[in-house]
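See structure below.
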Amino acid sequence: DVVLSLTLTEETPVPVSPGCSGKGADTEYIKTVRVESQRLAEFWGAPMLLEACVLLPYGFDDHPDAKYPLVIAHGHYSATFAPGGRFDDEPVESMNVTGYDYVDQLYANYLYNNWTSPDTSSPFYGARMLVATINHPVPFFDDSYAVDSVNVGPYGAAILEDLIPEIERQYRGLGEGYARGVFGGSTGGWISLATQLFYPDDYNAAAVACPDPIAFTSYATVDVYENANAYYYDSSFKKTPRPGARDAYSGTTVEPGTTTPTFGVPRGDTQATVEEMNRRENVLGPLGASCGQWNIWEAVFSPKGADGLPAPIWCKGDRAGCEYGAIDPAVANYWRDNYDLVDLLRRNWYDGTARESLASRLDYGEKLQIFVGGSDTFFLNNAVMDLQDWASETPDFRGNITIGTHDGRGYEHCFNGYLPDGTVAPNAVTRELYLQKFLPWMATRFEASAPDGANLEWRTY
C-alpha cells in the first residue's frame, strides 16, 4: 500500500464583503438592515437572514419629522446596492475605465448627483423616498423569487412581514401600502409583478421590466398546458427543436472600441434550444440542483415530488419512467393554479364585489407598468403578449404594457421602456436609469392615494 502525506501550506483568504455601500462600512446615504426570520428558520431548520441595502433620501437628517415611501428594487443577489444603475460619488473622469465600465460609472455618478441635488430640476425633487434592494439567496438559486413556495419557503410573507417593517421602523418609512412600490427587470420583473398581484393592498405601484415568464402558455417557447413535449414542437412527421435563447443580451453593448452605448442586432439567431439549456443544468446538478434558471423556476413553481424534491414540469432524463421532454399535466395544473400571473389576473379580475375585486385593488391596472423588448433574448416577450391579448379583451384594464422596438427592430433583453421624455435609447442606457424613470411616476401615485392627514413632507423638497 502507498501512504500519501499531505501538507497544507496555503490558505485562501476569506472574502471580504464590500458591504451595501461598496466601500465596506455604511455611508451617509447607504445603510444595511438585517433581520433573522423565524418563519424561514422553521422552514429550513437553520437560522435564516434577510438583508436589505437601503438608500436614504436626500435631506433625511434635515427633515426629522418627515416619513417616506419605500420602494423595493427586486433583482438578483448583490452584495452592494445596485437597483438598476449604481450609486457612486466618484466621477468617471477620476477612474481608469473603458468600454461599458465607463458607461456604468458615468451613470452611477449621475444617479448620485441627481439623488443628492436640492434643485427643482432633479427628477427626485418631490419624490424623496427610501429605496431598498434585498438579498434572499436559497440553495436553489441566488434569490428566492420572493413568494411563498412549498420548496423554497415562505419568502413572500418573510419579506413583507419581517423585513419591510424593520426597514420602515429604522428609517421612518410611512409603513402603509399606499406608499410602497416595487420595480425590477428579468427575475426582478417577475418578482415585482407577482408581489403586486399577490399583495395588491400592500403595494401601490409596480414597474415590471422584461419579466421571467408571467404566463405559462408561453413558458419561453413552451405552452405547458397544450404542448406534449417541451423540447420539440408537436408534429406527427418531423422533430423540430424549440429555441430557448436567441441573439444576445444587449444591456452592455457599446460601439466597438468606444464608450458609446448602442443597440443590439436582433437577427433571431438561435443560441441554444430549450433542450440544450435544460441538459446543461442537468449536468451541473441533476434532480434540480444546478442553481440554474430553469431549475429555480421549477423549485418555486412546482409542488413537492414523491422524493421530496421539486416535481419536474417535464422529463429531463435524470429520473426513470418518463419520456424525455414529456410535460407532466398535473404539475402544469399546479403551476397554473398558483404562479401563472396572467391566469391569476384572468381568474380574479372581477372576483368578489366591485370594491374587493382584483381589478379594483389594482386600480384597474393603473398600478402596473410592464415592458419587454419585441425580440427578447429569452422569448420573454411571448408571455407579455399573452398578457396584452387578455388586456385587450378587458375593457376596464388601464395598465401600461409596452413592447419595445426601435427603427422597426425589437429590443433584446432587458428592455425597461424608453427614456422619461419618450426618447428611444439603447438598453445599455435605460438599464442605468430605473430610479429616474420610475420614482417620479410612483411619487404621483403615492400622493394621489394618500389618506387625509398623511405626512407628505417627502413631497415638498
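The values are calculated or read from the model by the stated rules, or taken from the named source; none is laboratory data. Quantities reported herein were computed from a predicted structural model and do not represent experimental measurements. Using ideal geometry, Cβ is built from the backbone for each residue, glycine included, and neighbour counts are taken over all protein chains shown. Accessible surface areas use protein heavy atoms only, side chains included; no ligands, DNA or RNA. Shrake-Rupley method; radii C 1.70, N 1.55, O 1.52, S 1.80 Å.
Odds and ends about this structure:
- Measuring with a 1.4 angstrom probe and ignoring ligands and nucleic acids, His136 comes out at about 0 Å² accessible.
- Whole-percent carbon and sulfur share, accessible surface of the chain, 1.4 Å: 50
- Cleavage-rule hits (GluC sites (Glu not before Pro)) in the range 183-287: DSSP loop, at most 12 neighbouring Cβ within 10 angstrom: Glu226
- Taking 12 Å as the straight-line reach from the Cα of Lys67, the aspartates and glutamates in range (excluding those fewer than 8 positions away in the same chain) are Glu168, Glu176, Glu457.
- Working from label points 7 Å from Cα in the Cα-to-Cβ sense, the Ser5 to Asp119 distance is 7.2 nm.
- Amide hydrogen neighbours beyond the local backbone of Ala245, cut-off 5 Å, H modeled: Gln271, Ala272
- Put a dot 7 Å past the Cα of Ala272, heading toward its Cβ, do the same for Ser236, and the two dots end up 3.5 nm apart.
- Per the chain, cysteines lacking a partner by the 4.7 Å Cβ criterion: Cys291
- Distance between the 7 Å Cα→Cβ label points at Val265 and Val283: 2.8 nm.
- Gyration tensor verdict on the chain (Cα atoms; rounded if a/c is under 1.5, prolate if a/b is larger than b/c, oblate otherwise): rounded
- Calculated P(r) tail over 21 Å for the range 138-242, as whole % of Cα pairs: 49
- Calculated accessible area for the chain comes out at 44 Å² per residue, all protein chains present (probe 1.4 Å; ligands, DNA, RNA ignored).
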